[in-house]
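The values are calculated or read from the model by the stated rules, or taken from the named source; none is laboratory data. Everything quoted here is computed from the prediction, not taken from an experiment. Note that we place each Cβ from the backbone using ideal geometry, even for glycine, and neighbour counts take in every protein chain shown. SASA here: full protein model, heavy atoms, side chains in, ligands and nucleic acids out. Shrake-Rupley method; radii C 1.70, N 1.55, O 1.52, S 1.80 Å.
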Amino acid sequence: MRRPLRRVRKAELEAADIATFRPRVAAATAESVRWLVAPGRMPFGRRAYVIGDVHGARASLDALHAQIRQDLSARPVRAATVVHLGDYIDQGPDSAGVIRALMGDPVPGARLVALLGDHERMLLDALDGDRAAATDWLWAGGGAALESWGLSPDLPREDWVAALPADQIAWLRGRPLSHREGAYLFVHAGLRPGVALDRQSRDDLLTIRQPFLSAEQPFEAVVVHGHSSVPAVAIQPNRIGLDTGAGMGGKLSCAVLEDDVVGLIAV
């Protein structure tokens, strides 16, 4: 019988070796998570499991969802949310399988929030007739997504709408741009520094890198994002970056946020 994760006291988290904000090595299982001081705080009794860009890595997604289910079973919480930060498709081998998994109930007992990513936006814009978006999507790995739906990467663009599963496309169209819990704001790419949250553009939420990544000033919330791939999860005072290259040979990473701590899992 596996032991539940030990509840870490705040005094233990103030040690010098975990008080800085640098890329961290994630645990391979929920059992071995190391808790770190977080840059923000979750409301009492709430936990968020936040997952970076999947990019067609269905096997990794299934393994990570299994770790989350095990953690919830071992450490029940009043309210849990699983937040996906977008980019479910392209590059990896099973974009269609990733969408099917997310459309189901992968973590019973937890609310699922799946945000829009820029790769989903490229596909949707292409389906709406934007030929430049179609070219960009194929260049960014869309051919692998077409193959996962059993279609040829050379299928004429005019045939995509009829060939792709309508229920999955409708699900993608319903994805929100952001989600807020406690001190955290979850978005796909980031924020434009110096611009209020309610005035951020759709383009920046989905595609920004600089000057967001190098910004040192605090935002109105700690931003938890994907989009910009890094070798290991980056924890900074104003943001947490969770795209660690799944679908391109890297791992799929998850930040576990509760109280004023954060734990990391990667598969």
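If you go through region 246-267 and keep only what is small (Gly, Ala, Ser) and either without any contact (Cβ under 8 Å) to a residue 40 or more places away in the chain or assigned to a loop (DSSP other than H, G, I, E, B) (or both), you end up with 246, 247, 249, 250. Inside region 49-87, residues that are touching a helix residue (DSSP H, G or I) at 6+ places or on another chain (Cβ under 8 Å) and not in a loop (DSSP other than H, G, I, E, B) make up a count of 14. Filtered by the rule that a residue be part of a helix (DSSP H, G or I) and under 12 Å from residue 148 (Cβ atoms), region 88-110 gives 95, 96, 97, 98, 99, 100. For region 1-60, a residue qualifies if it is of a type in the set (D, E, K, R), open to solvent by 40 Å² or more (accessible area, probe 1.4 Å) and modelled with pLDDT of 95 or more, and the qualifying residues are 41, 46, 58.
Restricting region 165-186 to residues that are open to solvent by 20 Å² or more (accessible area, probe 1.4 Å) and among the charged types (D, E, K, R) leaves a set whose member that is farthest from the chain's Cα centre (by Cα) is 167.
Scanning region 141-158 for residues that are open to solvent by less than 70 Å² (accessible area, probe 1.4 Å) and over 17 Å from residue 91 (Cα atoms) gives 155, 156. Looking across 162, 221, 189, one residue alone is open to solvent by 40 Å² or more (accessible area, probe 1.4 Å) and either touching a Phe, Trp or Tyr at 6+ places or on another chain (Cβ under 9 Å) or more than 19 Å from residue 35 (Cα to Cα) (or both). It is 162. The residues of region 96-132 that are of a type in the set (Gly, Ala, Ser) and open to solvent by less than 10 Å² (accessible area, probe 1.4 Å), listed by number, are 96, 97, 114, 117. Just one residue in the set 150, 174, 141 is at positive phi and without any contact (Cβ under 8 Å) to a residue 60 or more places away in the chain; that residue is 150.
Residue 233 meets the conditions (1) closer than 26 Å to residue 143 by Cβ; (2) surrounded by 15 or more Cβ atoms within 10 Å (Cβ to Cβ) in every case but one. The failed one is (1). Quick one: what pairs do we get from region 116-129, first residue closer than 15 Å to residue 225 by Cα, second hydrophobic (A, V, I, L, M, F, W, C) and in a helix (DSSP H, G or I), C-beta under 6 Å, 6+ apart or different chains? Once the first residue is closer than 15 Å to residue 225 by Cα and sits in region 116-129, its partners that are hydrophobic (A, V, I, L, M, F, W, C) and in a helix (DSSP H, G or I) give 118/206. The set of residues in region 202-218 being open to solvent by less than 50 Å² (accessible area, probe 1.4 Å) and in a loop (DSSP other than H, G, I, E, B) consists of 208, 212, 213, 215.
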